[in-house]
Every structure is written in C-alpha cells, then in structure tokens.
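What follows is a short report on a single structure.
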C-alpha cells in the first residue's frame, strides 16, 4: 500500500493501533492468569495508558479527516480496502462522537461501582449499590444521547450498534417476542419430560491435571491450533490474546468435569474464529471479528450445536473415560447416550451463567427489556428489583424476592456501564443454530463425520462461511451468504425441539 | 507535581513511557516463557512498535526543550526531582544524539546478523558470519562516532556510558591491568591446589519439580517477594518484568541441580534490586537501577558473595538434601563443606557463561580488549579469531584454534551491536566484593546470621546502601557513600584469595 495516500496513512495508523492492542491483550491475559496480586496497581496504570492512547489515536480529528479524504478516492481501492475503510470510519465515529470528559467520568463511575459490587453483592446489599449504579446508568444515558445525536439512531440502538453493528431494538423486539411466546411453556414441558429420564452422574474426584489433558486433546481434535495458542487457568474463563496467539482459559472443578470441559469447548469456539480470521487483514479493522453476536455464535456453534450433541459425545465418550475414569463413577456413566442426557439437563435457576441452553435466552430477554427501558427513561434504577422479580416469575416461574445477590446484582455488566451487550448472547445462540443447519445442508454426512472425530469439512465450511470474512460483510449480508437469509429465530426453536422434544 | 511546569510535564511524559515499557517488559517475558512459536511474528511487530514509540517520545525535540526549560527553574525542585531531571536529560541525550536512520539501519543489520548467528555458530562457520558481523561493527562505529561528537567522550567511552554511566576506558584499563597481573597465575595455583581436594558429586536424577520447589524456598528465604514476582522456565535464564512484578526465569538440568540453583539465586539478586527500588520514584528515570555494572553487582553479591559461601551452604545444605536427596547420591555429598567445594571449582574453559568466579574476568578482559580495539579502529573483524586465540592462550592457557563456535562466535552481544557492555560483568563482580566487605563491617555477625538463614539485616543494609537510591547518586558517589571509596579491585582480589587460597 502506498503510505502517502490518505488510505495508506490510515492502514499504517490502524496497524500501529493493532500492535498496541496486541500488548494490551497480552497484559490482560497475564493479569488474569499469571500476575501476582502485588502487580495489579502498576498493571492497571499500564493498561489505562495504552487504552487511552489507542482511543486518542482512533478518535483524533486527523483520523476523521483522513477517512473523509480516502473516501473521496474510494474507487481506487479494492473491495477489501473499501470494506476496511468503512470499518475505519465506524471505529473513528464510535470513538469520536462522545466527549473525552464523558469517557473519563464513565471510567471513574464504573470503576467505583464495579469495585463496590464485588463487596456489596456478597452482602446482598442493594441499598448501597443502587446510588452507585444510578450514577453509571445516568452517564450511560448521556453517552447514548450523544451517540444518538451523532448517528440518528435511537439511544438504545446506538449502544447496541457498538457490539452488534446495524442491529436495532425493534428488530430484537420482534425476534425475542417469538422466543417469549415459545420458551416458557417449552421449559415447563421439558422439565416434566426429563423427570422420567434416568441420568447416571459421575462421582468422585477428577484431578485438574487429567481434566486439562482431556480438554487439550479435544481442543486439538476440533481444530484449535496450539502452535498459535495456549490453554491456561483463570478465575473467569475467557478467550483472549491475538489471532496469531489465542489464549483460552478455564477453571477446574474437581467434583464436576462437565462444567470446565464444556467451558473450554465454548471458548475454543471463540478461539477458532480468531485463529481463522483472514491472515492478510488481521492487523486492520476489516480483519477483525464481525461483532459480538457472531463471536458468541461461533462459541455456541462449537459448544451447543456440536459438542453437546449425541454424535460428538459418541466420539468423545471413550476419550473422557480414558482420561477421567475412577472407582466411584459407574461404567454406564461413560455411555454417549448418558453423557448426552447429562449435558442437556434443563432446570430453571436464578443465575444466568449457570443456565442451560433452553432457559438461558429468558435470562437474556429479561435483562434486555430492563436495560432498554432504563436507557429510554421508562424505568429507574430503584425499580429494578421489583421488575426483575416479576419477570423471573413470568418467564421462569421463580421469585427472587429480596435475594438481590442472585437477582439483579448477579452480573457485572451494568456496573461496568455495558448496556446493549446482553442481547448478543441470544443473537449468538440463534445464528449458531441457523449456521449449523446450513452446514448440515452442505455436508450431508456431517453428524457421521462428527461421531468419528472428523471435523475437517465442518471447519472448512465455517472458515469459508464466517471466519475468513472478518468484517468484510455486514452481519446481515454474511448470514445471507452463508445461510440464504438473515437471522431467523425459527432455526433455534427447531434445534431446541429436536434436541429436547424429539418426535 | 504541577502538571503545567516544564518539570511537571516531563514527569507526566516519563510516567507514560514507564507504562509503555511495562507492557513491553511483560510481552518480552511472555515471549520467552509462554508464547507458542506461531506467535513470534506478531509479537515481534508489537514490540518493535512500542520500542519505536518510546524512542520517539524520549528523543523528541520537545522533550529536549522541556528539559532545558526545567533546568532553568532547577532551584524550585527537590533534591530527588533534580536528580530525576538529570536522568531525564541523560535519557533524552542518549536517544537524540543518533539519527533515526542509523537506529533503523542498526536494527536491520543486527537482526540479520543475530538470525544468521544461530545457524552459523552451530556450523562453526566463521567465514559466512564475518561479513554480517562487519556490517554491524561498521554501524556501531558510526554510532560511537555520533555519540562521541555530541558528548565529547571518546567513541568507546560513549558506548560504555550507555550501560555504565560515567565509566571510561582508561579507568577500566587501570582496573583490569590489576586483574590481569593477578589472575592468570592465581588460576593456575588454584587449579593445582584443588587437585588434592576430594569432592563428592551428586548423582542420579533431580526432577525439575523438586528443583523448582527448592529454588522457591531459597528465593523466599533470601527475601524475594512472591507477592510481587514469579519464577518460570525459559531457554535463557533472565530477570524481567517491572519492580512491582519481577519475573525471574531459569532452566533445569535434571542431571545437575547446582547449575539451575545458582542461576536462580543469581537472578534473584537482580530481582531484589528491582523489588527494592524506591517505591515513589519507580515510574521515573531516577527510580530505575543505577547502571548495568551495579545490577550485575547485586546478582553477584547474591550468588558469589552470599550463596556460594560456606555459611550460606550450612543453612542451605539440609534444605537441598530434603528436596533433592536420592538413592544414587552419597549422604556425604550433602555436607556443607562438600557443597562448598562443589560450588567453588575452578577450571579454565572455552565458554564464558560456564566459567567460574576466578576465570570469568579473564573472559571479560579478552572481550573488552578486542571490542575497544574494534571501535577505535585498531582491529578489523577478520582478525578477531587470531587475536582471540592468542589471548585465550595468554590468559587461560587454552587455544581455540579453528573452534570458532566455542571461541569468538560463542556470544550474541557483538552480533546484536552490544559493544561496551562486557566490562559491566566484571565491574559487577568487583563492586559486589567491595559492597559485601562493607556489609560485613556494618554487621559483625553477618556470616553467623547467614548460616542460620537470617537475611534481614543484610537485606536492610543492601536496601539503604544500594536499592533504595535508584539512580539518585552517580555510581562513584553511591560506592563512596556505601563503602567509603570508589570502585577498588583490591576487594575482589582479596575475596578470591580468602575463598580459594585460605591461609
């Protein structure tokens, strides 16, 4: 690329930003996996510095001017360069349409609220949490208003757009209303149906070392590239690092191996997306993943569509037994059918992160409805617990009452000022189901391949349908190219019926 | 600090640089300990980016102007601020007196030469290495000339000053001439004397896990703070990270535990210096370690003065036995006196990094004489092997002949363009001996304390004599405050006599 054109200068700038982000990603990973406690203050300062520096570079008025100029010569750019320029504009716009005063105020308020949350949640102390959360929500409303004024989107849509570009509240409303009509009664029926199932549970201890060996063997089998990544331990599992060096983490429960194993496979879904991003565009905005919904979709594709399925468990069962068998676990526990029943139990509960595939979307819809009303000023922070309790009763038949710890205080997202993010979890579940159905259509013997541990054709399909495109297409266009239509909740509903209520 | 004064702006700038350096340090550590092979290209680019950015910030003309301006208001600054300003000028001067074209050319030439070195050294291929090294040396000469023109120091002194501020070749000449007069015959006498010593060697395998447990117990005992640091494994042992989070690494040889253990204790000496730097000045130039000679001095203080001494081995012997004993190793091996003899064997050899305390300075003097002549134009690269062989015969009684691999091709320093660095190893050995003698004078029962594993008084002494001063004093002034005089080689010679030729 010619470094003297406006576009060439932008590529150089975003490559610099990519290099700085690399260091930030690795420092984040290290803080979660390796860093001794005494290192956290200096680390926090170093991370704040580089985050501020990146934001400064992206939001600079010179960056905006270069984008304008490059757009005038757009016809001299290749398709990928044009898409890259579009994503550059997006990043510049998102970074520059809020004032730096607001960014600073939000950083302070959310850091105060998050720190208090760690203590107050444990104490079930909503009253002291409420004013801190109110401050964060007020500033988030202000942010949404600023973004709305600049973009013409509604305030909530302008937040949503940060995580799921192009998505709107009204579209989500119509998708979620399909789920709301289907799920509550389906949950009840499934719970009833599963009452008659006999499930043999694993017993005894499953040493961390053995769980890790199994996890790594399965990661390798499904296509994680250990030449370009690692598996480590952290308090909260995540997928971090950079596409050339993806860092997956998990935590181990020595009484229950399923939790960690399915967690690793979930994060490996994220990791394979990162490892599959287009090599020559990785340092540029167009080479990054296409939004949080699709990212979550790739992890749920791996975990829910593939790894919790009976064909996969037929492949994995002997490996699981070889690594983990002990004297306390009955041999029948290691049969694929039993492992399938074990990994598809449905049970309404208070906690989102522990929820199963069927009840999970209801946790998300509840949060979506509340946060949308908060941003649109139809709900105040003080009223959250009451609305939460009511919706939990309506959707899951559970009352949270005054159990705020396991109710509206369970997630860190709002304390962090992260509103507009929750819907991406369920958008992901839905695009995963839709993409998996398309893969099934494209590979007639897919489930037979999976049951013998052959993931080559599936990985190739995912690569050409999703991974290799980075952010070249919009999410709607990507779904259309890969599946023939934009996001359609019917695939997810059909998937649930097939898995949980087979004819 | 007032952010609006020139000095205040400089503190803010160097704090930013410190934060960026934090990320670079951690990314370096990760590359050596954790990173999968496939991550190296992206990592290299990220590190080059941040190194370039730091160099840009330090060398900027605005930085120089701020220094000038702050110096005009110097009388409004505290002593520590004044010392900080002096170190800021030093950093700005060192970064700005070479052209960025030269820096770039050096980076390319040294990277090419280093990469070739890895292969050519293994092949003992001097002929193909010579032109690549010549290119690096030519550019280093150019660098030295630029620095010399700006500083008024001689070309070689201007390189030396980068690693050992204020040191000169003529001073080193006179110090090293004392060592050259003493060491060769002392080596011979010691080898003769040790021929009559009986040493019982450990035998069998010493599993990595057990070696690590012992190393960590000893690190803790001598004062390494694991709340602010870690021990990991890397191909080349080093001490990295940041003062609040020091990363020590080692490698384990399961046939010989002494090598790794003494290596860890050596790096722990570096680490304790870092952990002991003045807390409130750590982000600023004045809060950094006072040169490479003193840094090496702290590691050799730990390893050579303390940990290879008989009193320390009296304390460590039972711990070593508890962790490492096996069926093959005779019980008498674990006696302190035997471990002392084992850890103080003298034997002339080809390889510097394997050399003992007595022969090591001769390896350094040889390199110092060659590199000084190279920079001063009295020696050409093609003539290195012949001079090397001659000096090895003169100083150590060994001929390298055509064994370039174990001769002049053994170190990476020159390939990397690092000239002026080698002398700091032996300056360190000498300041370690001098400082240890001062500590002995200050703590009359020091060796008794060490033999029962009590390092509190010694650590306190080192802290108030060295660590807590950062770069506040010049090295001469620091040595004068701590020991009553500037560097004096007699202490080192006396230490060798006491250890290797007791009356």
* Those residues of the range B:316-342 which are surrounded by 21 or more Cβ atoms within 10 Å (Cβ to Cβ) and under 28 Å from the mean Cα position of the chain (by Cα), in sequence order -> B:316, B:320, B:339
* Structure fact -> Residue set A:83, A:109; condition more than 23 Å from residue A:5 (Cα to Cα), crowded, with 19+ Cβ neighbours inside 10 Å and touching a residue at least 60 places away in the same chain (Cβ under 8 Å); output residue A:109
* Asked: Among (1) surrounded by 21 or more Cβ atoms within 10 Å (Cβ to Cβ); (2) outside any helix (DSSP H, G or I); (3) more than 14 Å from chain B (Cβ to nearest Cβ), which single condition is residue A:269 missing?
  -> (2)
* Within the range A:224-245, can you find the residues that are buried (at least 23 other Cβ atoms within 10 Å of the Cβ) and within 9 Å of chain B (Cβ to nearest Cβ)? -> A:229, A:241, A:242, A:243, A:244, A:245
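Does residue A:27 fit the bill of being more than 12 Å from every other protein chain (Cβ to nearest Cβ) and in a helix (DSSP H, G or I)?
Working: more than 12 Å from every other protein chain (Cβ to nearest Cβ): no; in a helix (DSSP H, G or I): yes.
No, not satisfied.
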* Taking the range B:463-489, which residues are part of a helix (DSSP H, G or I) and in contact (Cβ under 8 Å) with a residue 24 or more places away in the chain? -> B:463, B:465, B:467, B:468, B:469, B:475, B:476, B:478, B:479, B:482, B:483
* **Residues of the range B:30-50 satisfying the condition of being within 20 Å of residue A:13 (Cβ to Cβ), under 25 Å from the mean Cα position of the chain (by Cα) and at the interface with another protein chain (Cβ under 7 Å from one of its Cβ atoms)** => B:50
* Structure fact -> Note on residue B:4: of the conditions (1) in a helix (DSSP H, G or I); (2) more than 19 Å from residue A:52 (Cβ to Cβ), unmet is (1)
* **Residues (part of a helix (DSSP H, G or I), in contact with a helix residue (DSSP H, G or I) (Cβ under 8 Å, 6 or more places away or on another chain) and without any contact (Cβ under 8 Å) to a residue 40 or more places away in the chain) located in the range A:432-445** => A:439, A:440, A:442
* Among the residues listed as A:369, A:386, the single one being over 23 Å from residue A:139 (Cβ atoms), surrounded by fewer than 21 Cβ atoms within 10 Å (Cβ to Cβ) and modelled with pLDDT of 95 or more -> A:386
* For the range B:246-266, what are the residues that are closer than 18 Å to residue B:356 by Cα and either in contact with a strand residue (DSSP E or B) (Cβ under 6 Å, 6 or more places away or on another chain) or within 13 Å of chain A (Cβ to nearest Cβ) (or both)? -> B:260, B:263, B:264
* Options A:437, A:449, A:460: the member that is closer than 27 Å to residue A:360 by Cα and at pLDDT 95 or above -> A:437
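Yes/no per residue for (1) part of a helix (DSSP H, G or I); (2) in contact (Cβ under 8 Å) with a residue 24 or more places away in the chain:
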position	(1), (2)
B:227	yes, no
B:237	no, yes
B:240	no, yes
B:255	no, yes
B:263	yes, yes
B:274	yes, yes
B:277	no, yes
B:297	yes, yes
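Going by the conditions given, is residue B:291 under 25 Å from residue B:474 (Cβ atoms), in contact (Cβ under 8 Å) with a residue 40 or more places away in the chain, in contact with a helix residue (DSSP H, G or I) (Cβ under 8 Å, 6 or more places away or on another chain) and more than 14 Å from chain A (Cβ to nearest Cβ)? Working first, answer last.
On the way: under 25 Å from residue B:474 (Cβ atoms): yes; in contact (Cβ under 8 Å) with a residue 40 or more places away in the chain: yes; in contact with a helix residue (DSSP H, G or I) (Cβ under 8 Å, 6 or more places away or on another chain): yes; more than 14 Å from chain A (Cβ to nearest Cβ): yes.
Yes; evaluated as a whole, the condition is true for this residue.
Against the definition (part of a helix (DSSP H, G or I), under 27 Å from the mean Cα position of the chain (by Cα) and in contact (Cβ under 8 Å) with a residue 12 or more places away in the chain), how does residue A:138 come out, yes or no?
On the way: part of a helix (DSSP H, G or I): yes; under 27 Å from the mean Cα position of the chain (by Cα): yes; in contact (Cβ under 8 Å) with a residue 12 or more places away in the chain: no.
Considered against the rule, which asks whether it is part of a helix (DSSP H, G or I), under 27 Å from the mean Cα position of the chain (by Cα) and in contact (Cβ under 8 Å) with a residue 12 or more places away in the chain, residue A:138 comes out as no.
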* Exactly one of (1) more than 14 Å from chain B (Cβ to nearest Cβ); (2) exposed (fewer than 14 other Cβ atoms within 10 Å of the Cβ); (3) not in a loop (DSSP other than H, G, I, E, B) is unmet by residue A:188. Its number? -> (2)
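Do you know which of the residues in the range A:7-24 that are surrounded by fewer than 17 Cβ atoms within 10 Å (Cβ to Cβ) and either more than 9 Å from every other protein chain (Cβ to nearest Cβ) or without any contact (Cβ under 8 Å) to a residue 40 or more places away in the chain (or both) is farthest from residue A:283 (Cα to Cα)?
Initially, the range A:7-24 is screened for residues surrounded by fewer than 17 Cβ atoms within 10 Å (Cβ to Cβ), giving A:8, A:12, A:15.
Cutting the leftovers down to either more than 9 Å from every other protein chain (Cβ to nearest Cβ) or without any contact (Cβ under 8 Å) to a residue 40 or more places away in the chain (or both) gives us A:8, A:12.
Values: A:8: 13, A:12: 10 Å.
Only one residue tops the list, namely A:8.
The values are calculated or read from the model by the stated rules, or taken from the named source; none is laboratory data. From a predicted model like this one, the values you see are computed outputs, not experimental measurements. Positions of Cβ are backbone-derived with ideal geometry, glycine not excepted, and every protein chain shown enters the neighbour counts.
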